[in-house]
Amino acid sequence: MTRTAATDTHCPYCALQCGMRLDRARPGEVLERPEFPVNRGALCAKGRTAPALLARGVRLDGPLLRDAPGGPLRAASWPEALDRVAAGLARTRAEHGPDAVGVFGGGGLTNEKAYLLGKFARVVLGTANIDYNGRFCMSSAAAAHRRAFGLDRGLPFPLADVPHTGCLVLVGANPAETMPPAVRYLRELRENGGRLIVVDPRRTRTAELADLHLQPRPGGDLALALGLLHLVIADGLVDEEFVERRTTGFDAARASAMAHWPDRVERITGVPEHQLREAARMFGEASTAIVLTARGAEQHSKGTDTVGAWIDLCLATGNCGRPYAGYGCLTGQGNGQGGREHGQKADQLPGYRSIEDPAARRHVAAVWGVDPDNLPGPGRSAYELLDGLGQPGGVRALLLAGSNPAVSAPDAGHVSQRLRALDLLVVADLVLSETARLADVVLPVTQWAEEDGTTTNLEGRVILRRRALDPPEGVRSELWVLRELAARLGVVEGFPAEAEAVFEELRRASAGGDADYAGIDYARIAAEDGVFWPCPTPEHPGTPRLFLDRFATPDGRARFAAVTHRPAAEEPCEEYPLYLTTGRVLAQYQSGAQTRRVAELNAAAPGPYVELHPGLAARLGIADGRPVAVTSRRGRAVAPARISGAIRPDTVFMPFHWAGAGRANSLTNPALDPVSRMPEFKLCAVRVEAVDA
């Protein structure tokens, strides 16, 4: 394969999928790519240092396997490792049935990998039990999006619309630390005269940019949105013509909102009434307005209803289905959008089709050359799948790719125990993550700069990663691994190892679905710097803005959600009197399995900490920098105190990037949203105390 000296590709981290350029002559150096429209050349420290993960001695360079439970991992050849995996999967399936075999994917996998992983689970293994860690990121926003609009795409408009809106509300989002190149859009918004409202229990770097910072208690976002809708209605700021022409269900939503009057909302959220009124005026009187939510609002046992309430605010003011207005979700993982569109989610088939829809099953089965009656139905959601590992009726052999649930899952101590209880754990990854250390077989796989493949960024823009560097000799792609395993399990056709061949099949499988990629191919993506789905034919221009003429519901109207505030699954009490909320920091990413191996990033963010208010610290006798223990009903974490007036006095914050004693997810609550099955990462009750060094 001939490659030019400099190759255009994309960052492997967040959902901006920033454009960058790699030079084969200088493989450790990232070059700017200013013509890519999303980041326009800007890169954060994670993107600039991404090639450091590909160096020898940092990443895995050959398969590993364990000869006996509890024994050490040793080097193995690819044939030996694959034979072990295939034999274990076949044995488990024969002895316990196909649903005793499971697959767990990741939101960083390319569209091709996500697609083929879902096909492998359903065609080769015959299991219903496949899900992915995107369930922990996007599922509540996706469920609310589909309920309101009939279609889920993180942003139904391009990021370039943001600077041109009149008012932007960021709810539980901190892009200044999670996706720094996007901050230019916030600055351009302010330069254009737009107003910025940030909703967050902490005064983050993003909140510092805001015209108005609302600082609710964790779990208060639903009540806050309903309170703002109440005020918009009371102040006569409803767009009656839009509501009448393009929506249904407003009367019920209005009745629910009117039960959330300002004094009540202030008592629930802690946000002063005068700030509520100011925010309602800023939003309701703006010529156009946008609401963007992220994990702070969504990772709750009521996350779907919370997002639904913010969508209601947009609908009531006519801020949907027109340029520079609408609701959107800031997708977290690099391919969190595409990862949930093409089949690695428990309830979906490629093209964002429901696995329970007979027509969808027939279409996909025809592409795959199988009987639709032989396709399994929906399986367990991500946490439910992990919770049942090694249990009667649960998964006993698990193939896991691109995820690190031993650090990233809620109640991570329990999840680690369940991973250890498996008869067979197979992990495909770049590095020996905490989850990979528990595996029976570890398969080293290629990464972003070493392979071709597509991802879909937070705007719904399908983009193309190009192979710029050669992987180590002992490393293979997941596509190759799936082909080899399928052949060993008796399926010798339908699993190409070349990414473009997989994408061509994905196009056919997605055709006619909500996420229709049929009109997109590699050449077009490269020529246009990405193509927005849906794009049903090669002649179609793609769809940067959804819903301009109609929503994707049967009647073309958006649906209001008549929701009401309810407490979190776990509120503070006498024994656990404080709120814990979790999140990310600028220099680390997700479970930290990759970024914790980069010296520059570790120097900037070397370890976990517990952020707490000076008043709380004084009351508990805690000094800055001294170790503190945070204890919940599920576990205990210890990390240095970081005393800051940026956080509420009733709340403590921990970043979740680290394993070991400072693992924040040792504490978090796996209570699930009843619709999205999203765990309640962002709120649990804890106590905090000083400990000896």
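The values are calculated or read from the model by the stated rules, or taken from the named source; none is laboratory data. Being a predicted model, the structure only gives us computed values, none of them experimental. Every residue, glycine as well, gets a Cβ built from its backbone with ideal geometry; the counts of neighbours run over all protein chains shown. Each accessible area value is taken on the protein alone, full model and side chains, heavy atoms only, with ligands, DNA and RNA left out. Shrake-Rupley method; radii C 1.70, N 1.55, O 1.52, S 1.80 Å.
I'd like the Kirkwood hydrodynamic radius of the range 437-553, using the inverse of the mean 1/r over distinct C-alpha pairs, in Å. Numbers along the way, then the final one.
On the way: mean 1/r = 0.0620 Å⁻¹.
The Cα-based Kirkwood calculation yields 16.1 Å.
Ranked by the mean number of other Cβ atoms within 10 Å per residue, highest first, peptides 177-184, 388-395, 672-679, 300-307 order as 300-307, 672-679, 177-184, 388-395. Other residues whose C-beta falls under 13 angstrom from the C-beta of ALA690 contribute a net charge of 0, scoring Lys and Arg +1 and Asp and Glu -1.
With Kirkwood's inverse mean 1/r over C-alpha pairs for Rh, give me the Rg to Rh ratio of the range 331-418, two decimals please.
1.02
Around GLY150, what is the net charge, scoring Lys/Arg as +1 and Asp/Glu as -1 over all other residues with Cβ under 12 Å from its Cβ?
Working: positive: ARG146, ARG147, ARG153, ARG550, ARG557, ARG559; negative: ASP152, ASP514, ASP555.
Combined, the nearby Lys, Arg, Asp and Glu give +3.
For the chain, the relative contact order is 19 percent, taking Cα pairs closer than 8 Å that sit 6 or more residues apart in sequence and dividing their mean separation by the residue count. Taking amide H positions as modeled 1.01 Å from N, with prolines and chain starts lacking one, the residues under 5 Å from ARG642 and 5 or more places away or on another chain are VAL610, GLU611, LEU612, GLY625. Phi angles of the range 663-680 translate, via the Karplus equation with coefficients 6.51, -1.76, 1.60 and θ = phi - 60°, into HN-Hα couplings of 5, 5, 6, 5, 9, 5, 9, x, 3, 10, 4, x, 9, 8, 6, 7, x, 8 Hz per residue; Gly and Pro are given as x.
Out of every Cα pair in the range 98-239, what percent are spaced more than 23 Å from each other?
Value for the range 98-239 (Cα pairs over 23 Å): 53 percent.
Evaluate 2.2 N^0.38 Å with N set to the residue count of the range 595-661, then give the Cα radius of gyration divided by it.
Working: Rg = 12.7 Å, N = 67, 2.2 N^0.38 = 10.9 Å.
Compared with the compact-globule rule of thumb, the range 595-661 sits at 1.17.
Sorting check: for 495-503, 410-418, which peptide has the highest mean count of neighbouring beta carbons within 10 Å, and how do the rest follow?
Details: 495-503: 19.1, 410-418: 21.6.
Order by mean packing, descending: 410-418, 495-503.
Over the chain, accessible surface divided per residue gives 33 Å², non-protein components excluded, 1.4 Å probe.
If you take the Cα centroid of the range 218-278 and the Cα centroid of the range 607-631, the two points sit 36 Å apart.
Straight-line cross-link reach from LYS682 at under 25 Å between alpha-carbon atoms covers these lysines, not counting any fewer than eight positions away in the same chain: LYS46, LYS302, LYS345. Between amide H atoms placed 1.01 Å from N, distances below 5 Å from ILE355 occur with GLN348, LEU349, all of them 5 or more places distant or on a separate chain.
A probe of 1.4 angstrom, applied to the heavy atoms of all protein chains, finds TRP480 with accessible area near 60 square angstrom. Positive contributions from Lys and Arg (+1) and negative ones from Asp and Glu (-1), summed over other residues with Cβ under 13 Å from the Cβ of GLY615, come out at +1. Sorting the segments 51-64, 159-172 by their residues' average number of neighbouring beta-carbon atoms within 10 angstrom, most packed first, yields 159-172, 51-64.
Ignoring any ligand, DNA or RNA, what whole percent of the accessible area of the chain comes from carbon and sulfur when the probe is 1.4 angstrom? Whole-percent figure for carbon plus sulfur exposure: 49.
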